[in-house]
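All remarks here apply to the structure that follows.
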Amino acid sequence: MNKMTIGKHCRVMMTVLLISSAGESRSEEEKTSNKNPIEVSKSIQLPQNLMAIENSNWGLKTTRMLYGWQMLEAKGKMPGEGVTIVLADTGISPHPELLAHNNYPSPIRMDLALDTVDDDNFPDHNFEAINLIPRHGHGTETASVIVSPPGCPSTFKNLCVTGASPAAQLVPVRVSDSVVLSFGRRLAKGIDHAITINADIIAIPMGGIGPMNQLRDAIRRANAAGIIVIVAASNFTGPLRIVPAFWDETITVGAINDRLKPWVGSAFGRWVDLSAPGVNINHARTEKRDNEIVYEVKLAQGTSDATALVAGAAALWISYHGKDKLIERFGLDQIPTIFRKLLKEHGVSTPKGFPSKRYGSGVLDVVKLLEAPLPTNTKSQKKM
Ligand SMILES: [Ca+2]
């Protein structure tokens with residue numbers, strides 16, 4: 001990653017609508033006033049370092065992500081170990097939060113990366129693109145919420161990012177610079193790349209409007225190859241049928257705020273499978289200002305962040321059960337269906353009055369997800 005150069009692009013690419021995190025944080029006071037009604041399992045203890053991380057990160061706390069880490073540790077595994085996640089987004093930058101720190105190596109697999117916009121293997125952000133979203137560095141942001149090593153890199157002191165599954169490997173695939181509708185062809189190409197490299201999960205924090213048949217076919221191929229496809233519901237599109245979020249082949253994630261209520265910008269509809277924290281989430285921010293690339297950590301919001309947390313949780317689930325064992329038991333092509341069912345039915349906590357018809361079955365709860373017993377179906381009777 002250190003060899004990356006920035007800003008080689010100048011073309012404006014027509015592409016699918018990117019669902020960006022947008023907006024900024026509220027006050028500290030408002031942030032800390034949130035209460036977590038999810039009762040934490042008494043049998044699992046968090047060590048002090050993880051407790052400190054949890055106390056500064058309401059998203060990880062609400063979803064009990066770090067308790068999931070402890071459940072994995074009891075099996076001798078690191079969080080997300082052995083799992084490959086393809087992130088289809090605007091590319092990646094060598095942000096310190098994505099480089100090695102705190103005894104974790106860099107989670108970014110540049111050797112497997114792809115750029116479907118420039119048709120090369122180097123998916124850096126295009127800071128020159130005309131962009132209707134607030135920032136160009138969206139892929140770096142999303143990646144950090146999925147896999148940034150725990151705590152602060154040496155160059156950062158206060159606000160830092162801890163990813164949901166930092167021992168997973170993340171393959172950045174640039175499929176878009178921003179906005180605008182198209183046919184999803186670049187995204188389809190990125191999905192086929194995920195199949196080629198035997199990825200376990202694809203995270204898609206974007207969407208568009210239209211039939212996009214080629215994209216849908218690619219997602220079906222991914223499911224058949226055992227790849228779990230996790231998609232942002234989208235931001236500020238209300239009940240519009242954004243794809244691929246609307247399709248049955250994807251797991252669609254809406255966003256809640258830190259009062260555990262649906263975030264005002266979260267798209268909604270019966271096709272939303274579940275919600276996850278998407279407001280005031282720590283991000284690795286990469287921006288170009290006065291011709292210089294600036295690396296920071298900030299708070300932002302959007303269904304992209306919620307999607308990142310669910311992608312991380314999916315990685316923990318695969319790690320926890322072991323991909324080989326899942327394949328042996330259910331067959332590769334059944335894994336996405338089984339995961340989706342378990343996630344929706346068991347992997348959530350549902351706050352009282354939660355509007356399930358619009359924002360999914362509840363709020364991601366990683367302890368419940370990992371504790372959920374696998375179905376008894378065997379390979380020979382695998383239809384669900
Ligand atoms: Ca970090």
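The values are calculated or read from the model by the stated rules, or taken from the named source; none is laboratory data. Computed from a prediction, not measured in an experiment: that's the story for all the values here. Cβ placement follows ideal geometry from the backbone for every residue including glycine, while neighbour counts extend to all protein chains displayed.
Here are some conditions: (1) farther than 24 Å from Asp365 by Cα; (2) over 18 Å from the mean Cα position of the chain (by Cα). Asn55 meets all but one. Which one does it not meet?
(1)
Residue check: is Leu72 in a helix (DSSP H, G or I) and within 15 Å of the ligand (Cβ to nearest atom)?
Numbers: in a helix (DSSP H, G or I): yes; within 15 Å of the ligand (Cβ to nearest atom): no.
Answer is no for this residue.
Show the residue pairs meeting these rules: Cβ distance below 9 Å; 6+ apart or different chains; first residue within the range 342-364 and touching a residue at least 40 places away in the same chain (Cβ under 8 Å); second residue in a loop (DSSP other than H, G, I, E, B) and of a type in the set (Asp, Glu).
Leu343/Asp273; Lys344/Asp273; Gly347/Asp365; Val348/Asp365; Ser349/Glu39; Ser349/Asp365; Gly360/Asp273; Ser361/Asp273
With the condition being of a type in the set (S, T, N, Q), I'd like the strands (runs of 3 or more DSSP E) fully within the range 274-348 carrying at least 1 qualifying residues. Write out each step before concluding.
On the way: elements: 274-277, 281-289, 292-300.
The strands (runs of 3 or more DSSP E) meeting that bar are 274-277, 281-289.
Which condition from (1) buried (at least 17 other Cβ atoms within 10 Å of the Cβ); (2) without any contact (Cβ under 8 Å) to a residue 60 or more places away in the chain; (3) assigned to a loop (DSSP other than H, G, I, E, B) is the one that Phe127 breaks?
(2)
Within 15 Å of Ala168 (Cα to Cα) and at pLDDT 95 or above: which single residue out of Leu66, Leu50 fits that description?
Of the residues listed, the single one that is within 15 Å of Ala168 (Cα to Cα) and at pLDDT 95 or above is Leu66.
So which of Ser106, Ser154 ends up being hydroxyl-bearing (Ser, Thr, Tyr), in contact with a His (Cβ under 9 Å, 6 or more places away or on another chain), part of a loop (DSSP other than H, G, I, E, B) and within 16 Å of the ligand (Cβ to nearest atom)?
Answer to the check: Ser154.
Within the set of pairs 6+ apart or on separate chains, which have a first residue in the range 279-306 that is at positive phi, a second that is part of a strand (DSSP E or B), and C-beta atoms under 9 Å apart?
Asn280/Leu299; Asn280/Ala300; Gly302/Ala232; Gly302/Asn235; Gly302/Ala255; Gly302/Ser266; Gly302/Ile281
Taking into account only those residues within the range 158-169 that are more than 12 Å from the ligand (Cβ to nearest atom) and part of a loop (DSSP other than H, G, I, E, B), which is surrounded by the most Cβ atoms within 10 Å (Cβ to Cβ)? Write out each step before concluding.
From the range 158-169, those more than 12 Å from the ligand (Cβ to nearest atom) are 158, 165, 167-169; that's our starting set.
If we keep only those that are part of a loop (DSSP other than H, G, I, E, B) too, we end up with 158, 165, 167-168.
Numbers: Asn158: 7, Ser165: 33, Ala167: 23, Ala168: 27.
Among those that are more than 12 Å from the ligand (Cβ to nearest atom) and part of a loop (DSSP other than H, G, I, E, B), it is Ser165.
For Val272, which of the numbered conditions (1) among the aliphatic types (A, V, I, L, M); (2) touching a Lys or Arg at 6+ places or on another chain (Cβ under 9 Å); (3) more than 21 Å from Thr350 (Cβ to Cβ); (4) buried (at least 23 other Cβ atoms within 10 Å of the Cβ) fails to hold?
(3)
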